[in-house]
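Report on the following structure.
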Amino acid sequence: MLGAIAGDIIGSVYEWNNIKRTDFELFNERSTFTDDTVLTVAVADCILYKKNYAETFKEYGRNYPDAGYGGRFYKWIFSDNQQAYNSFGNGSAMRVSPVGFAFHNLEEVLAEAKRSAEVTHNHPEGIKGAQAVACAIFLARKGEDKDTIKSFITDRFGYDLRHTLEEIRPHYRFDVTCQGSVPQAIIAFLESINFEDAIRKAVSIGGDSDTIACITGGIAQAFYKDIPSNILDTVKRKLTPDLLSVVELFNNKYLEY
């Protein structure tokens, strides 16, 4: 899931300052992890220790209250209520990457992605977004080629992956829905040639850059099996010790390469 976290940190600078090209600086002093990373680590923690998703999301959210959550999620974190609020935002998809790395077959991945999503994002589109990303990661991790991954996501979830980034980029605007950001993130992966290229292409779409790059980064890590050392080292330095500890425990248990 360090691929997803790398995408979040790299994209964080460009979320409110979109850059529609790929030749940008990967990191600067403002690059930081956001809610995407906090909740991705929370999902990993839940998988590692079989924790309750709702309770763990609230715990992590309260520990990192300024990470940049959406308004409804922020209110939910600090409420006494654990009831889901029918969201179809891309928060369910941005945090799901550990599911794609941890489980052994597609049925388990689909079920766990649904569980991780529905505690907040119980709208069908919110669940679908999480499941699509987790399945793409699982298939990439298992060595399926891009055509197979594309066909599966299209057939199973109905996402239109026919458009190219050149077609998407000029007209794309900020969209925090799953249906308005998950397909674009998957297309960025499909058009990439390596991990760094995938992140650069994801950010270049514009819009919710950190989340799109987070989604793309998780899939790209699973597919390319490698994150360049300069990216990996910088990402680890930018994480707090408690977040990094969970990441390393998760990788030690589940990373297959």
Among residues other than residue 222 whose Cβ falls under 9 Å from its Cβ, what is the net charge (Lys/Arg +1, Asp/Glu -1)?
-> +3
With -39,500 (n - 2.57) per DSSP H segment of 4 or more residues and division by the full residue count of the chain, the 222 nm estimate, nearest 500 deg cm²/dmol, is -19000 deg cm²/dmol
Length released on extending from residue 115 to residue 249, taking residue separation times 0.36 nm less the Cα-Cα span = 46.1 nm
So what is Rg over Rh here for region 24-167, counting just Cα atoms and using Kirkwood for Rh?
-> 0.99
Projected convex hull area of region 1-60, Cα atoms, direction-averaged, in nm², equals 4.9
What FRET efficiency do you get for residue 171 and residue 28 if R0 is 30 Å and r is their Cβ-Cβ distance, rounded to the nearest 0.05?
-> 0.60
Does region 101-158 come out rounded, prolate or oblate, given a ≥ b ≥ c as the square roots of the eigenvalues of its C-alpha gyration tensor, rounded meaning a/c under 1.5 and, failing that, prolate meaning a/b above b/c?
-> oblate
Which of the DSSP-defined H helices in the chain satisfy a minimum axial length of 20 Å, computed from C-alpha atoms, and a minimum mean Kyte-Doolittle hydropathy of 1.0?
-> 35-49
Fraction in percent of alpha-carbon pairs per bin - 10 Å, region 114-257 = 11, 40, 37, 11, 0
What distance in nm separates the simple spin-label points at residue 62 and residue 164, each placed 7 Å from Cα in the Cβ direction?
-> 5.1
What is the total of Lys pairs in region 37-128 with C-alpha atoms under 20 Å apart, excluding same-chain pairs fewer than 8 positions apart?
-> 6
Kindly state, to the nearest 0.05, the FRET efficiency for residue 50 paired with residue 79, given R0 = 30 Å and r defined as their beta-carbon distance.
-> 0.80
Roughly speaking, what % of Cα-Cα pairs in the chain are separated by over 25 Å, rounded to a whole number?
-> 34
In the neighborhood of residue 180, defined by Cβ-to-Cβ distances under 11 Å, what is the net charge if each Lys or Arg adds +1 and each Asp or Glu adds -1?
-> -2
Filtered hits (lysines, Cα-Cα < 17 Å from residue 146, offset >= 8 within chain) -> 201, 225
Long-range HN-HN contacts of residue 89 with modeled amide H, under 5 Å | 178
Specify the inter-centroid distance of region 189-257 and region 92-155, based on alpha-carbon positions, in whole Å.
-> 16
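Since every read-out is calculated from the coordinates, none of them should be taken as a lab result. Since we're looking at a predicted model, the values are computed, not measured. With ideal geometry, Cβ positions are generated from the backbone for all residues, glycine too; neighbour counts draw on all protein chains shown.
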